[in-house]
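Trainee: Could you have a look at this structure, given as C-alpha cells, before my questions?
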Amino acid sequence: MKYMLIMRETGEKPADAPEPSFEEWVEAMGRFNGELISAGVLIAAEGLDDPDQGVVVDYGSQPPIVTDGPYGETKELFGGYWILDVPTIDDAVEWAKRVPLTGPGTRAEIRRITSMDDIPAGNEWTEKERDWREATGQL
C-alpha cells in the first residue's frame, strides 16, 4: 500500500522555538530520507515552496477564480510530503513519528493513496489510464 505523509505547519509554534539552520535542516532530512531509502519504502519526497509563491484555483464559480497565494486560512499549510510503500497505515505512522525537526506547530497527516484496483474495471477512461500506467511502468 502507498501512503502519503503530508507535513503541515499549524501556526502554533512557540515564538522562542529555535529555528534550525538550512544546513541542519538538509542534514536531518537527508539522514531521514536515507533511512527510508535503505528500508526500501520511499517512493517520493518533496518540499513545497512558500505559499506566497503559489496560486489557488477556486471552482466555486464559472469561470474558476485564480488568486495569488496564500489563500484562506494560512495556519495549516502543507510544507512537503513523503510517499511511502508500506504494508499498513500503522507502518506509515511509525515512520511519521521519526520525522526530524518536528515539535509544537508541526503535524503530519497520513492518507492512503488509492490505486487502480480501487476503481471498478470496465470504464473506458479507467482502462485508458490503466494502459498508460502499464506503458509507463507504474503498474
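The values are calculated or read from the model by the stated rules, or taken from the named source; none is laboratory data. Values in this document were obtained by computation on a predicted structure and should not be read as measured data. When we count neighbours, we look across all protein chains shown, and the Cβ atoms used for this are built from the backbone with ideal geometry, even at glycine.
Trainee: Could you tell me how many of the residues in segment 102-130 are under 20 Å from the mean Cα position of the chain (by Cα), loosely packed, with under 11 Cβ neighbours inside 10 Å and at pLDDT below 85?
Mentor: Going through segment 102-130 one residue at a time, the tally reaches 2.
Trainee: Right, something else. Scan segment 6-13 and give yes if some residue there is surrounded by 14 or more Cβ atoms within 10 Å (Cβ to Cβ), touching a residue at least 24 places away in the same chain (Cβ under 8 Å) and of a type in the set (A, V, I, L, M), otherwise no.
Mentor: Yes, segment 6-13 has at least one match.
Trainee: Could we say that Ala121 is outside any helix (DSSP H, G or I), touching a strand residue (DSSP E or B) at 6+ places or on another chain (Cβ under 8 Å) and of a type outside the set (Ser, Thr, Tyr) here?
Mentor: When the stated conditions are applied, Ala121 does not pass them.
Trainee: Still on this model: Would you check if Ala15 is among the aliphatic types (A, V, I, L, M) and modelled with pLDDT of 90 or more?
Mentor: Judged against the criteria, Ala15 is not a match.
Trainee: How many residues, within segment 102-128, are of a type in the set (D, E, K, R) and touching a residue at least 40 places away in the same chain (Cβ under 8 Å)?
Mentor: So the answer is 4.
Trainee: Looking only at segment 1-21, which residues are outside any strand (DSSP E or B) and closer than 30 Å to Met116 by Cα?
Mentor: If the condition is that a residue be outside any strand (DSSP E or B) and closer than 30 Å to Met116 by Cα, then Met1 is the only one that fits.
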